[in-house]
Amino acid sequence: MYLHQKGGRRVKETVCITGASRGLGYELTKLFYVHHYRVFPLVRSITAAENLLNEMPNCHPIIADVAEDTCTDILKSALSAHTDVLDILINNAGIPGIAYQITTVTTQETSALFNVHNLGVIRTVQATLSFLERSAKPRIINVSSRLASLTKTASGEFNEGGFSYSYRMAKAAQNMLTLCLDQELRSKGVHVSSVHPGKINTNCASYDANLEPNEAAKKVFDWCKTAGVHNSGSFVEPGMGGLPW
Ligand SMILES: NC(=O)c1ccc[n+]([C@@H]2O[C@H](COP(=O)([O-])OP(=O)(O)OC[C@H]3O[C@@H](n4cnc5c(N)ncnc54)[C@H](OP(=O)(O)O)[C@@H]3O)[C@@H](O)[C@H]2O)c1
């Protein structure tokens, strides 16, 4: 495991995970914690933060809503209180969409999903970039979806299944954000990638979910350890291989 030298004391890698209250983000938080990473889980409520602290007393929960502009300053100052370096940012917070026919799509739902999946990532990256730039191996992992793939969608792979317009649009835009970030940040040594975590049995699940959150988290956790500038700009399903953009 990569270690930092800080004030003569060896400090393990630091990771910030959004959407840590449940599902994939919660399981990732537990995995990084038990593997002795310094974990900053971002959650939306005091109750969620207290639950994490009861279970993982040495983690550092941050209470913020990635859909709000205030998230940027909250995240920045919460990190500043404990660290000047962040090694891994996992943009996992997400919400599902409902409408799968153009006549029922609402601009409210579409705006809400673009806000969380895209503006949320912009906010967390703006908050954490100066911390990431102080890491020897900085990584930004955006939790995307197979449903983001324009190539797969164009091939007809998702014609059945009643998949939400707003979810697919927001995740596809998030993939573009991954590539924009990679284009800007790779030369500074920052790895940026999009990860499809599998079809997980959670609130964001599709009808064909076949993985439990802890199983998906293990695959993402293992993949995070291999992520570096050499494979920046990738779209992958951990344990399975690359996905077409
Ligand atoms: N499940 C799947 O099959 C699947 C497949 C591909 C990709 N994904 C992606 O994987 C990620 C995790 O989803 P999941 O399946 O674990 O779903 P989940 O169980 O519904 O968890 C979603 C998490 O995101 C948090 N969240 C939602 N809006 C937020 C906001 N505005 N600010 C901060 N946190 C927010 C939720 O917090 P609260 O508890 O406060 O609501 C919760 O912790 C999402 O990005 C999802 O799109 C999931």
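Between the range 66-102 and the range 171-239, the alpha-carbon centres lie 15 Å apart. Using the Cβ atoms and a cut-off under 14 Å, what net charge is assigned to the surroundings of T72, where Lys and Arg are +1 and Asp and Glu are -1? It works out to a net charge of -2. Rounded to the nearest 20, the Cβ-based charge dipole of the chain about its Cα centre (Lys and Arg +1, Asp and Glu -1) stands at 720 debye. To put it simply, the accessible area of the range 3-242 at a 1.4 Å probe is 52 percent carbon and sulfur. Per residue, the chain exposes an accessible area of 46 Å² to a 1.4 Å probe, with every protein chain left in place. For the range 22-62, the residues whose backbone nitrogen is under 18 Å from a point 7 Å from the Cα of E215, taken along Cα to Cβ, are 23-28, 31. Look at the alpha carbon pairs under 8 Å that are at least 6 residues apart: their mean separation over the length of the chain gives a relative contact order of 18 percent. Taking the charge dipole of the chain about its Cα centre, with +1 at Lys and Arg Cβ atoms and -1 at Asp and Glu Cβ atoms, the residue from V34, T151, I200 reaching farthest to the positive side is V34. Between the helical axis of 165-185 and the longest alpha-carbon principal axis of the chain there is an angle of about 40 degrees.
The values are calculated or read from the model by the stated rules, or taken from the named source; none is laboratory data. In this text the structure is predicted, and so the values were computed from the model without any measurement. Please note: Cβ atoms are built from the backbone with ideal geometry, for glycine as well, and neighbour counts cover all protein chains shown. The accessibility values were calculated without ligands, DNA or RNA, using every heavy atom of the protein model including side chains. Shrake-Rupley method; radii C 1.70, N 1.55, O 1.52, S 1.80 Å.
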